[in-house]
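See below for the structure under consideration.
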Amino acid sequence: MGNGTATADLDVALEKHRTELTGYCYRMLGSSFEAEDAVQDTLVRAWRSYEKFEGRSSLRSWLYRIATNVCLDMLSAGSKRARPMDLTESTPLAQAALAPRPDHTWLEPVPDARVLPTTGDPAEAAVAKESVRLAFMAALQQLPPKQRAVLILREVLAWKASEVAELLGTTVASVNSALQRARATLAERGDAGPAGAVSDPLDEEQQRLLERYVKAFEGYDMSALTELLHEDAVMTMPPFDLWLRGPADITGFMTTLGASCAGSRLLPVTANGLPGFAHYKPDEEAGGFTPWAVQVLELSEGRITGFHCFLDCERWFPLFGLPLHLEA
């Protein structure tokens with residue numbers, strides 16, 4: 001590197017790409033923590049081999065090449081992350097039992113700010129948001145790693161087929177064929193991909209829906225909550241593989257196994273391009289409120305369709321910059 005200034009300049013140049021690279025690695029890996037590790041590894045490798053980088057491509061595309069290799073190495077174990085409904089049938093409330101599965105099973109939530117770079121282009125922002133939503137992320141995880149990379153680079157990041165072929169060291173024909181296969185898999189699942197972006201999560205109707213939701217949840221008013229839930233609404237609670245469908249089972253769960261959540265407080269967060277809440281429940285011992293879950297909500301046509309509670313507070317609350325206690 002020669003001198004300190006060049007080193008500092010390189011640090012700044014690499015750091016500029018951190019958020020978008022984290023978004024890319026997150027889409028590839030389905031884990032917010034693994035994505036941060038992958039980006040750290042990418043930047044360290046770039047730093048070490050910068051003298052070999054001859055500027056034949058842009059710094060950005062070189063970083064994406066390194067990040068792709070890091071992710072493909074991490075994925076070679078065949079691990080694919082999932083949501084509870086990707087693994088089991090829904091359970092009737094009468095049979096509901098809480099059986100946890102290990103962390104690496106689950107698709108993880110991520111704060112928008114860590115994976116969505118700021119852009120002045122609303123269309124670009126909409127695609128970026130849509131492409132980290134839980135349903136699309138779960139669909140991506142079903143694709144073989146190379147197809148996953150091709151789909152993200154072509155459809156989400158709008159790279160040309162020739163640029164992707166160069167990055168992966170393959171031909172344009174094989175990139176096009178991987179993209180077709182990936183699109184076919186997503187279409188079969190009913191996840192046609194990031195096009196057709198949903199309206200901005202906070203249009204007026206949705207804002208009102210969220211306000212009514214907070215009031216119903218904090219008041220633990222099950223009839224008000226029932227009105228807000230779609231008839232096919234789904235509730236998940238990773239690390240437990242149990243998931244429930246329909247307002248009767250969801251509210252039934254909340255008043256039985258989940259009864260200790262009465263009197264909770266919700267603080268708004270944005271996760272996966274969706275509205276969400278940090279859920280604190282009353283702390284019987286210390287007073288005030290203690291973390292219970294990061295909730296991520298899926299909305300459609302004026303109703304809540306997905307109610308996803310990520311319960312591992314010791315991991316999620318620091319990631320979202322949330323306090324580990326609320327005063328009364």
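Taking amide H as placed 1.01 Å from N in the peptide plane, residue 170 has no amide H partner under 5 Å among residues 5 or more places away or on another chain. In terms of distances greater than 22 angstrom between alpha carbons, the cross-link table entries 80/146; 16/129; 52/80 yield 52/80.
Counting pairwise Cα distances across the range 149-275, what percent come out greater than 24 angstrom? The answer is 50 percent, as a whole percent.
Out of every Cα-Cα pair in the chain, what percent are more than 38 Å apart?
Percentage above 38 Å: 20.
Listed by chain and number, the aspartates and glutamates whose alpha-carbon sits under 17 Å from that of residue 160, ignoring those within fewer than 8 places in the same chain, are 124.
Please sort by residue number the GluC sites (Glu not before Pro) in the range 82-134 whose DSSP state is loop and whose Cβ has at most 16 other Cβ atoms within 10 Å. Provide the component values of the computation, followed by the final result.
Details: sites: 89, 124, 130; in loops: 89.
Here the GluC sites (Glu not before Pro) that fit, given the DSSP loop and packing criteria, are 89.
Between 313, 25, 71, the Gaussian network model of the chain with springs among Cα atoms under 10 angstrom shows the greatest mean-square fluctuation at 313.
With a Förster radius of 45 Å applied to the beta-carbon distance between residue 57 and residue 104, the computed FRET efficiency rounds to 0.85.
Ligands, DNA and RNA are left out, and with a 1.4 angstrom probe the accessible area of the chain is 47 Å² per residue. Residue 18 contributes about 70 Å² of solvent-accessible surface, heavy atoms of the protein only, 1.4 Å probe. Based on Cα atoms of the range 234-291, Rg over Rh with Rh as the Kirkwood radius reads 1.00.
Report, to two decimal places, the Cα Rg of the range 52-173 normalised by 2.2 N^0.38 Å (N = number of residues). Spell out each step's value before the answer.
Working: Rg = 17.6 Å, N = 122, 2.2 N^0.38 = 13.7 Å.
Compactness ratio reported: 1.29.
For the range 100-183, relative contact order (Cα pairs under 8 Å, six or more residues apart, normalised by length) works out to 22 percent.
D by Stokes-Einstein for the range 1-95, Kirkwood Rh over Cα pairs, 4 °C, 1.567 mPa s: 85 µm²/s.
Sequence-ordered 3J(HN,Hα) estimates for the range 227-232 from the Karplus curve with 6.51, -1.76 and 1.60 and θ = phi - 60° stand at 5, 8, 8, 5, 4, 9 Hz, glycine and proline given as x.
Using θ = phi - 60° in the Karplus curve 6.51 cos²θ - 1.76 cosθ + 1.60, the 3J(HN,Hα) couplings for the range 66-75 round to 4, 4, 4, 4, 4, 5, 4, 4, 5, 8 Hz; x is entered for Gly and Pro.
Dividing the mean sequence gap of close Cα pairs (under 8 Å, 6+ apart) by how many residues the range 192-328 holds gives a relative contact order of 22 percent. Shown here for the range 266-328: GluC sites (Glu not before Pro) in loop regions (DSSP other than H, G, I, E, B) with at most 16 other Cβ atoms within 10 Å, namely 284, 285, 301, 327.
How do 209, 299, 98 rank by accessible surface area computed with a 1.4 Å probe, from largest to smallest?
On the way: 209 5, 299 35, 98 75 Å².
Reading off the accessible areas and sorting them downward yields 98, 299, 209.
Entry note, the range 34-121: relative contact order of 28 percent, from Cα contacts under 8 Å with a spacing of 6+ residues. Build a GNM of the chain with springs between Cα atoms under 10 Å: which of 270, 118, 226 gets the top mean-square fluctuation? Answer for the Gaussian network model of the chain: 118. The share of accessible area on the range 212-328 that comes from carbon and sulfur is 52 percent, using a 1.4 angstrom probe.
The values are calculated or read from the model by the stated rules, or taken from the named source; none is laboratory data. Just so you know, these numbers come straight off a predicted model, no measurement behind them. Positions of Cβ are backbone-derived with ideal geometry, glycine not excepted, and every protein chain shown enters the neighbour counts. Each accessible area value is taken on the protein alone, full model and side chains, heavy atoms only, with ligands, DNA and RNA left out. Shrake-Rupley method; radii C 1.70, N 1.55, O 1.52, S 1.80 Å.
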